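First the structure, in the form of structure tokens, and then the observations on it.
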Amino acid sequence: MSPNRKSTSRATKRSARRSTRTRHSATSSLLRRALRLLLFTLLPLSLFYTLWLDFTVRDQFEGRRWELPARVYASPLELYGERAIRPDQIVSSLQQLGYRSRSGSEEEGSYYLSNNRITIHTRPFRFWDGVEPSRELKLSFRDGKISRITDLKSGDGVGVVRLDPLPIGSFYPLHGEDRILVQLDQLPDVLVRTLLTVEDRSFYDHFGISPLGIARALVANLRAGRAVQGGSTLTQQLAKNLFLTRQRTLWRKAREALITLILEFHYQKDEILEAYINEVYFGQDQRRAIHGVGMASHFFFGHDASQLTLAKSALLVGMLKGPSWYNPRKNPKRAMERRNMILDLMAQQGEISESEAAEARRTPLGILERPPSGRSHSPAFLDLVRRQILRDYAKEDLTSEGLQIFTTLDPLVQSAAERGLQQRIRELDRSGKEDLQGAVVVVRPDSGEVEAVVGGRDPRATGFNRAMNAVRQIGSLVKPALFLAALEQPERYTLVTKLRDRPFEVGQGENRWRPRNYDMRSHGDVPLYRALSHSYNISTARLGVELGIGRVANTLKRLGVERDIHRYPSLFLGALELTPLEVAQFYQPIAAGGVRSPLRSIRAVMGRNGEPLNRYPLRVEEVASSKAIALLQWGMEEVVRSGTARYLNTMLAQSIRVAGKTGTTNDLRDSWFAGFSGDRLAVVWMGRDDNKPAGLTGSSGALRAWGRVMSALPLEPLAAIYPEGVTKSWINPDGLKTIYGCSDAREIPFIEGSEPESTVQCGSNG
Amino acid sequence: MVVAKAVHRVVTDRVISEPGSEPKPELEPTDDLDPLHDLIEKIEYALQQGQLEKAEVLLERALRIDSQRAGLWHDLAQVHHLQGSYRESITLAKRSNTLSVGMPALQEQNWSLIAGSREALGDHAGAELAWGRAGQH
């Protein structure tokens, strides 16, 4: 190699070294710069992230921690002396509530039936108007009624007792989590001790993360060769459940640790423990996720968490390891083994004595065979509740605010309504009628409270709710409005005013209208009450024409029809489309002496902490003359006594005076009956969803379902007292007033001053 | 006037139907115990204390148990009067009247209440008529 080349080469090496040195120094300076950048950007970033996490965690933990579904309750069963109710009806109500049959039990939520007596240990319940305490009661019965209620502790007689109300449904948030919040001090000590013994022994000593716990878990897992024990503290589990996904990444682990420390830094141990107890997952009930000890206790045992025993606490705590694997309904043996293992552990740790553990091990699992369903038993009624509550609350409030909604649904009436409709539809199915559907609405006329809603032949189906959404022609159900409009003019009309039931026409050409009677005959001159009781179309249409369509429409509006009313003469015979619920509103003032009360399904709403929020009190408005209504009611009683609804006399006791009206529409598409006793109004519709002829009249379809519903309920007869200003006269078949008690005459009410003036002798035809 | 008279009325129809008689001593608990006895005591107390909403809630509950009791409807009418719902008060007092056949004292109180509510609504002629009816009993 030439010196030149050597020198060149050396120079090159020098230059290379220099350049390497330069590169090195450039790299290290880059590194230094990068480190600096990292230090100056990442540190603030991570600090910022920690602060943001801190804010988020605190915000969620202190704010609305959980979205709580609104819980809807039925009207509570009120028990009192003289109430007409059978022991078996009370037992069935108690069973629906999850009360257990047990003799001599000290346990709340238990009952015992023997020798026509029921002893009940009731559960306490907070209603919107006060707390109903737990009591031990004895109920005695006589002649189908409660004869006496005795407080077993004091031996005193008791006036009125209300049981805890039946939950009839919930409005769930989209994620489907269901929980009942509990406070730590409401829980039995044994539950908390069991939980801590199994899940986190040093909970009150660590700062959120327990190195000892991790080490213990590591050893256990190494020994077993697989993961058998978790090292997570309760706080870590809560952090994971509340704020994180189920992913198993390092990043998630870091976040979990950070959130754990934040929780421990800001909150007391008891607050963390309470949150954990309300958060933990206990399994799935179809689309509903059971969270928290409060809900789990109801779901598995049918009682409050405050009543959890040692054995039940061990069962629940045991489930946390694998809610599905240790599900006591699906895998009772496995759940029992796990429970007993936990009881052994409790004894080993000195938390309970050996004898306590042994006794608890002997206890059966004690779970309810059938869980209280998250699905509503009365979806049609729940629809009505939703519609009414959305007038005052936003949709989100229903699924997140934990509202407690107290409704007017009476479970005994609801089940009678469902059964009555189903039985009649089955009979008609067997006689070859196809695709029949139906709906029932039952109302208390004097308060407007809705006691039952059935939306179809399958009352559990959540689809089309016919009671609220089937808008159908009402046919002759419209007629009471016409007769009321007439009877409100006593100077022109009384119940015995003769109406002409002879063919006539209204209008010309295409608008020509010629009403016909259902039997295609005309009946000559008939007294007004018979036109109503026999549902004669021609005489009613004539009356409508005399009254004028405006007056009839106005009467319908006054009674509560809110839909547009088309002012054609065909209105007189029922060319008006309403839902069964709207018919119930229209008939409510007729059944309530002319006083309208808007139908309501909700009595009150309470917040998640038991604070009363809204009350829906009774509203009354006089919309019709009570005197004219009394006459109309008499005419509608006549419908049952001798008119189109006389079949009811074979279904109801004679002593129960009821009134009503049948309705049938063209080609037998709709079958209606709306009727009332002194204390209940029920509307039944039957027909087909496709509006094809169902082949039923009001009498052959809906009326008989109505009879079944009402005959299953205790009823007050219609009042025999007439309002002031209504008098009764004896009237013979010619419509003449006779002396008292003629065999061919009958007593008919009149508005004072409108009765016939002169009196004829018995047997006289004037 | 109406109010003062009505507030101290004993709610039970049993007492109302026997005007002038001394209030009965509290009954021993027997099978004939009026199931509404305790509720009615609470209603009276709430009315005396001026707790109208509480009285209203209790009255509605009592009426669900026995809707034929004229005295309860009267008390509810009275609550509505005190709350300023005069039209409702009139309607409820009329309902009470329909059920209070043979109870002249209660009918008188109902007519007084109707008169007071009509007065408050500015219906002086109607009020006069009602006062007249109250005097008849």
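Every number in this text was worked out from the coordinates using simple rules, so none of it is lab data. Treat the numbers as computed from the prediction; the structure is a model and nothing was measured. Note that we place each Cβ from the backbone using ideal geometry, even for glycine, and neighbour counts take in every protein chain shown.
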(request) Sort A:His298, A:His566 so the one with the fewest other Cβ atoms within 10 Å of its own Cβ comes first. (result) A:His566, A:His298
(request) Starting from the Cα of A:Lys692, draw a straight line to each of the aspartates and glutamates and keep only those under 12 Å, dropping any in the same chain fewer than 8 residues away. (result) A:Glu434, A:Asp435, A:Asp667, A:Asp670
(message) To the nearest 20 Debye, how big is the dipole of region A:316-446 about its Cα centre, given +1 on the beta carbon of each Lys and Arg and -1 on that of each Asp and Glu?
(response) 500 debye
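Determine the sum of side-chain charges near B:Ala130: Lys and Arg each +1, Asp and Glu each -1, restricted to other residues whose C-beta is under 11 angstrom from that of B:Ala130.
Details: positive: B:Lys94, B:Arg118, B:Arg133; negative: B:Glu108, B:Glu119, B:Asp123, B:Glu128.
Net local charge, B:Ala130 excluded: -1.
So what is the orientation-averaged projected area of the protein assembly as shown, using the convex hull of its C-alpha atoms, in nm²?
Details: hull surface 245.8 nm².
About 61.4 nm², averaged over all directions.
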(request) Starting from the Cα of A:Lys253, draw a straight line to each of the lysines and keep only those under 28 Å, dropping any in the same chain fewer than 8 residues away. (result) A:Lys240, A:Lys269, A:Lys321
(message) Longer than 23 Å from Cα to Cα, which of A:Lys737/B:Lys94; A:Lys557/A:Lys627; A:Lys498/A:Lys627; A:Lys153/B:Lys54 are they? Say none if no pair is.
(response) A:Lys737/B:Lys94; A:Lys153/B:Lys54
(message) Only counting other Cβ atoms within 10 Å, I'd like A:Val91, A:Val440 sorted with the fewest neighbours first.
(response) A:Val91, A:Val440
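Considering only DSSP beta bridges whose two residues both sit in the protein assembly as shown, what percent are antiparallel, to the nearest 5?
Working: 80 of 91 bridges.
So the antiparallel bridges in the protein assembly as shown amount to around 90 percent.
Let me spell out the model: positive unit charges on the Cβ of Lys and Arg, negative unit charges on the Cβ of Asp and Glu, origin at the Cα centre of chain A. What dipole size does that give, in debye rounded to 20?
On the way: 107 positive and 84 negative charges, 1103 e Å.
Dipole about the Cα centre, nearest 20: 5300 debye.
So for A:Asp143, A:Asp690, fewest C-beta neighbours within 10 Å to most, what's the order?
Values: A:Asp143 6, A:Asp690 9.
The fewest-first ordering by Cβ neighbours comes to A:Asp143, A:Asp690.
What number comes out for the charge environment of A:Gly109, summing +1 per Lys or Arg and -1 per Asp or Glu over other residues with Cβ under 10 Å away? Let's see the in-between values first.
On the way: positive: A:Arg100, A:Arg102, A:Arg123; negative: A:Glu107, A:Glu108, A:Asp164, A:Asp304.
Overall, the nearby charge balance is -1.
Using the alpha carbons of region A:484-613, what is the convex hull volume per residue in cubic angstrom, as a whole number? Numbers along the way, then the final one.
Working: hull volume 18.6 nm³, N = 130.
Value for region A:484-613: 143 Å³ per residue.
Once you order the gyration tensor axes a ≥ b ≥ c over the Cα atoms, which shape class does region A:689-766 get: rounded for a/c under 1.5, otherwise prolate or oblate by comparing a/b with b/c?
Values: a/c = 2.92, a/b = 2.06, b/c = 1.42.
Prolate shape, in that a/c is at least 1.5 and a/b is the bigger ratio.
Just from its helices, what would the mean residue ellipticity at 222 nm be for chain A, if runs of 4 or more DSSP H residues each count -39500 (n - 2.57) and the sum is divided by every residue, rounded to the nearest 500 deg cm²/dmol? All intermediate terms of the calculation are to be shown ahead of the outcome.
Details: 23 runs with 290 residues, N = 766.
About -12000 deg cm²/dmol.
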